[in-house]
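These notes are about the structure you will find just below.
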Amino acid sequence: MLVDGKWTENWQPVQAVDAKGGFVRQVSGFRNWVTPDGAPGPTGTGGFKAEAGRYHLYVALICPWASRTLIARRLKGLTGAIDVTVVEPALAEQGWRFASPDPINGATWMHEIYTRADAHYTGRATVPVLWDKAKRTIVNNESADIVRMFNPGFGAMGSGPDLYPEALRKQIDTLNDRIYPRLNNGVYRAGFATTQLAYEEAFRDVFAELDMLEAQLSETSPFLFGPALTETDIRLFVTLVRFDAAYHGLFKCNLRRVADYPALQSYMLRVLDQPGVRETVSIDHIKRGYYSIKALNPTQIVPLGPDLPGLDPVRL
């Protein structure tokens, strides 16, 4: 946790709780947008023009929010325009750590990137981060924004499917607003709950949402809105692919596995098979990262299983 630009305490998964003891997620602090001509986006200020090689993406492969941006970058054909640094999977006392000095800023810890952008920053140093090498600052650290700006923000440099098509925007926004609190963040609300009441409310939300999505995908496959993959599919996929490996056991979301939902399991594998998506998934990083959270796993033992269809097999 940074306070006025200084690291003040060992990393903890829960920084704030509500009146019921429920997990409260920090609001992202950098909300500027890259646009084709540098004009302001929906939030923040302008001056961030799309240019190949100007922007750098910091991610963790364990993190579903960061993985959203990696998938969007690949689907939109932006791998040559935006380079990437991946942090170590295990969360250490000062949060995310680089395996070797960060090639862009020479940092050892992710929180140093934040203080380079704002010497008096207060808050958690989260990923993803989109960094501007020209202005030497953080453009944006909100994954939903970054996914959406990758869709049209790099103009002719981008290609691939329209992840936010005009005809589906209302439906996409509505489903995003339902999936996020109940499932994407719901697993965290269950795993990081500090009271039984908060845990049980989150648990019920998670499985109510999975049940609804199973029914929907039984009728609308291959993707949530029919034949075309959208940003909502990315949002759902990153939670599903982590569920059986981490959320089911470590986060106490153990009523059912994704493997127990035929439509959801098939859907997850279809998204995984989209060009470039599989390369953004590391079950090794996911398990090592989540099971490094001492508040949830004091012994730091990483389970060998589960054996996940379509992903790296367990070696015995």
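A straight line joining the Cα centroids of segment 267-293 and segment 105-122 runs 27 Å. Given 206, 190, 221, which one lies farthest toward the positive end of the charge dipole of segment 113-249, if we put +1 on the Cβ of every Lys and Arg and -1 on the Cβ of every Asp and Glu? The residue sitting farthest along the positive end of the dipole is 190. Based on the Kirkwood approach, the hydrodynamic radius assigned to segment 99-199 is 16.7 Å, with every pair of different Cα atoms included.
List the pairs from 20/287; 20/170; 76/135; 252/294 whose alpha-carbon separation is above 21 Å, in the order I gave them. 20/287; 20/170; 76/135, as the Cα separations exceed 21 Å there. Excluding residues fewer than 8 places away in the same chain, name every one of the aspartates and glutamates whose C-alpha is closer than 12 Å to that of residue 6. Leaving aside aspartates and glutamates fewer than 8 places away in the same chain, those within reach of residue 6 are 112, 118. By a 1.4 Å probe calculation restricted to protein chains, residue 120 has an accessible surface near 120 Å², given to the nearest 10. Its Cα gyration tensor gives segment 124-280 an equivalent ellipsoid, and the semi-axes of that ellipsoid, as √(5λ) in whole Å with the largest first, are 27, 21, 14. Database remark: amide H of residue 107 closer than 5 angstrom to the amide H of 102 (H placed geometrically; neighbours at sequence offset of 5 or more, or on other chains; Pro and chain starts carry no H). Highest GNM mean-square fluctuation among 89, 181, 64, for the chain modelled with Cα contacts below 10 Å: 181. Listed by number, the DSSP H helices of the chain that run 24 Å or longer by alpha-carbon position along their axis and have mean Kyte hydropathy of at least -1.0 are 196-220. Distance from the C-alpha centroid of segment 13-77 to that of segment 164-213: 19 Å, rounded to the whole angstrom. When 242, 136 are compared by accessible area of protein heavy atoms, the largest-first order is 136, 242, using a 1.4 Å probe. Note: relative contact order over the chain, using C-alpha pairs below 8 Å and six or more positions apart, is 21 percent. Annotation: for a label point projected 7 angstrom from Cα along Cα→Cβ of residue 15, residues of segment 79-99 with backbone N closer than 17 Å are 91-97.
Two numbers describe the Cα atoms of segment 60-129: Rg and Dmax, which are 12.6, 36 Å. The accessible surface of segment 161-299, taken with every protein chain in place and a 1.4 Å probe, is 53 percent carbon and sulfur.
Taking amide hydrogens as placed 1.01 Å from N in the peptide plane, the amide H of residue 122 sits under 5 Å from those of 4, 5, each at least 5 positions away in sequence or on another chain. All distinct Cα pairs of segment 217-316 go into the 1/r average, and the inverse of that average, the Kirkwood radius, is 14.4 Å.
Summed over the residues of the chain and divided among them, the accessible surface reaches 42 Å² per residue at a probe radius of 1.4 Å. Accessible surface of residue 97, taken over heavy atoms with a 1.4 Å probe and every protein chain present, rounds to 100 Å². Across every pair of non-identical alpha carbons in the chain, the mean reciprocal distance, once inverted, gives a Kirkwood radius of 20.1 Å.
Residue-normalised convex hull volume from the C-alpha trace of segment 6-115: 147 Å³ per residue.
Accessible surface comparison of 308, 197, probe 1.4 Å, protein chains only, largest first: the order is 197, 308.
The shape of segment 1-67 can be summarised by an equivalent ellipsoid whose semi-axes, obtained from the alpha carbon gyration tensor, come to 30, 15, 14 Å from longest to shortest.
Ranking 267, 164 by solvent-accessible area of protein heavy atoms (1.4 Å probe, all protein chains present), from largest to smallest, gives 164, 267.
The values are calculated or read from the model by the stated rules, or taken from the named source; none is laboratory data. On a predicted model such as this, the values are computed, not experimentally measured, just so you know. Every residue, glycine as well, gets a Cβ built from its backbone with ideal geometry; the counts of neighbours run over all protein chains shown. Calculation scope for accessible area: heavy atoms of the full protein, side chains included, ligands and nucleic acids excluded. Shrake-Rupley method; radii C 1.70, N 1.55, O 1.52, S 1.80 Å.
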